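**Q** One structure coming up, written as structure tokens, with questions to follow.
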Amino acid sequence: MSSETSLSSRFIESLSIFAQKISNQKHIMAIRDAFAAMIPITIIAAFFLLVNNVLLDPKSGLFKGIPNVEHFLGIGTQIYNGTLGIMALMAAFLIGNFLAKSYGMEGRVEGVIAVAAYVVLIPASVPVTSTAGKSFEASGVLTQSMTSPTGMFLAIIAALISTTLLCKFSQSKRLKISMPESVPPAIAKSFNILIPSFLVLTILAIIEFSVVSIVNMSIPDIIVKVLQTPLVGGFQTLPGILLYVFLAGFLWVFGIHGAFVLGAISGPVLLTSLQQNIDALNAGKELPNIVTQPFLDAYVYMGGGGTIICLVIAIFIASKRPDHRMVTKFGLIPSIFNVSEPLMFGLPVVFNPIYGIPLVIAPLFSTTLAYFATSIGWVSHTYILTPWVTPPLISGYLATGGDIRGSILQLVIIVVGTLIYLPFVIASNRVYAMEQKAQKEQPAEALNLEGGN
């Protein structure tokens, strides 16, 4: 038994160290921190997407009967243009900024160079079709197909490559321009980084020119076909999304925030899927993607990781442990707003051989139910980026653009998830009863020993 325990502890320790190394890797941290910095932007965009699609939509909005209500759609459209519409540009700057800081640089100039590098790698002209049906090439144009989350992959790659090269080149004293001490520090630093910036942008421009000349395809097209399409497509298959949900839950068992660690991979993929749904909706086409970020937030992460709102209900129904019921009372309000940490570390759920099993299983069932319900048309596809703190039953309605069936599906998932957690809550009761019995027997044994002495 001791050898098995030792082996298990070594495995847990090794997994924790590996996950910590991955999450603390400079490039992954830069992506993760960049997405965290854009949370206010995404929440603002989500609010106006809700207003436009749930309230003001002239066909199905709640205010559709009000005369000229569609005129106010322009407000939300402009907000979208200034938030999600340029999210790839913001991501490039923020990733460059955070990555440069991890190399000991200031970050601001590096962020600017990252944006420049991104623009260098996108096509110099785009095909445009006029209202008369004539097609022509427009040069010097940045379209939302490049600057919105659709262009996120290229923005990430451009920022990571350009900033890494820039920081490496900046370490060479030969590439620095020495300025007199009388020159202001800000100007001196700009000249110090001038030659490295020149080299980075020149290298990327040569790469872009060579790729287009050799394969007759732009780099964004190659990214879409080679990287973005397989990843997005993989997440749209049931096995693919179940694998991701399993890994996120499995990491939680060992106290590692799975969605946080894997966010650098899932974030761009899920945002791209969401953007494709939004584009299809605006074009009057069928929404192509089942799995988006609001899909996971609404159906899988109710209460937080592990669909833990179901554990809350199961404990209130069946738990006889006063410690668990007390902790759950404190964690109830946070779990309603999808914050699971008080329960994860308070009960605890992490490193718990009993609760660790449903922590992984429940999200898999949630994902499967939601996937099939959406694929067969029982509930609408998700296309509204709701804030992740939106409570269950409300989030399903909002994420699907005002489809009450989204809330009903959430209710079904909560019921099924609670049934999954209930046997493990009962098992925890038995373990607690055995522990209490053992504690009562220990004083009696101690007294007998003392009497014998």
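Read the figures in this text as sums done on the coordinates, not as results from a lab. As the structure is a computational prediction, the values presented were derived from the model and not from experiment. So basically every Cβ, Gly included, is an ideal-geometry build from the backbone, and we count neighbours across all protein chains shown.
**Q** With labels modelled as points extended 7 Å from the Cα through the Cβ direction, what inter-label distance (nm, one decimal) is found for PHE198 paired with ILE394?
**A** 5.6 nm
**Q** Express in nm, to one decimal, how much length is gained between PHE191 and LEU243 on full extension, taking 0.36 nm for each residue of separation and deducting their alpha carbon distance. If you can, show how the numbers build up before the last one.
**A** On the way: separation 52, 0.36 × 52 = 18.72 nm, distance 4.85 nm.
Computed gain between PHE191 and LEU243 is 13.9 nm.
**Q** For the residue pair MET434 and ILE317, what label-to-label distance in nm results when each label sits 7 Å from Cα along the Cα-to-beta-carbon direction?
**A** 2.4 nm
**Q** Strictly over 24 Å apart at the Cα level, which of LYS26/LYS225; LYS225/LYS285; LYS101/LYS176 would you flag in this model? Let's see the in-between values first.
**A** Details: LYS26/LYS225 27 Å; LYS225/LYS285 22 Å; LYS101/LYS176 19 Å.
Result: LYS26/LYS225 exceed 24 Å.
**Q** Separation between the ILE41 and HIS71 pseudo-spin-labels, each 7 Å from Cα along Cα→Cβ, expressed in nm?
**A** 3.2 nm
**Q** Between ILE207 and ALA427, what is the FRET efficiency for a Förster distance of 60 Å, r being their Cβ-Cβ separation, to the nearest 0.05? Please list the in-between numbers first.
**A** On the way: r = 58 Å, r/R0 = 0.97.
Calculated transfer efficiency: 0.55.
**Q** Sticking with this structure for a sec: Net charge near GLY304: determine it from the other residues with C-beta under 12 Å of the C-beta of GLY304, scoring Lys and Arg +1 and Asp and Glu -1.
**A** Values: positive: none; negative: ASP297, GLU341.
Result for the neighbourhood of GLY304: -2.
**Q** Same structure, new question: Would you mind getting me the FRET efficiency between VAL416 and ASN352? Use the beta-carbon distance for r and R0 = 25 Å, nearest 0.05. If you can, show how the numbers build up before the last one.
**A** Values: r = 21 Å, r/R0 = 0.85.
The value I calculate is 0.70.
**Q** What list do you get for THR83, THR292 if you sort them by fewest beta carbons within 10 Å? Could the numbers behind the result be given before it?
**A** Values: THR83 23, THR292 28.
Going from least to most buried by this count: THR83, THR292.
**Q** Take the alpha-carbon positions of the range 238-453, form their convex hull, and give its projected area averaged over all directions (one quarter of the hull surface) in nm². Don't skip to the answer; put the middle values down first.
**A** Numbers: hull surface 52.3 nm².
Average projection, Cα convex hull of the range 238-453: 13.1 nm².
**Q** Cut-off is 10 Å between beta-carbons; in what order do LEU201, LEU359 appear when sorted fewest neighbours first?
**A** Working: LEU201 18, LEU359 26.
Starting with the residue having the fewest Cβ neighbours, the order is LEU201, LEU359.
**Q** Alpha carbon centre of the range 156-226 versus the range 81-139: separation in Å?
**A** 14 Å
**Q** Which FRET efficiency, nearest 0.05, do LYS26 and SER172 yield, Cβ-Cβ r, R0 22 Å? Present the calculation step by step, with values, prior to reporting the outcome.
**A** On the way: r = 20 Å, r/R0 = 0.89.
Efficiency, rounded to the nearest 0.05: 0.65.
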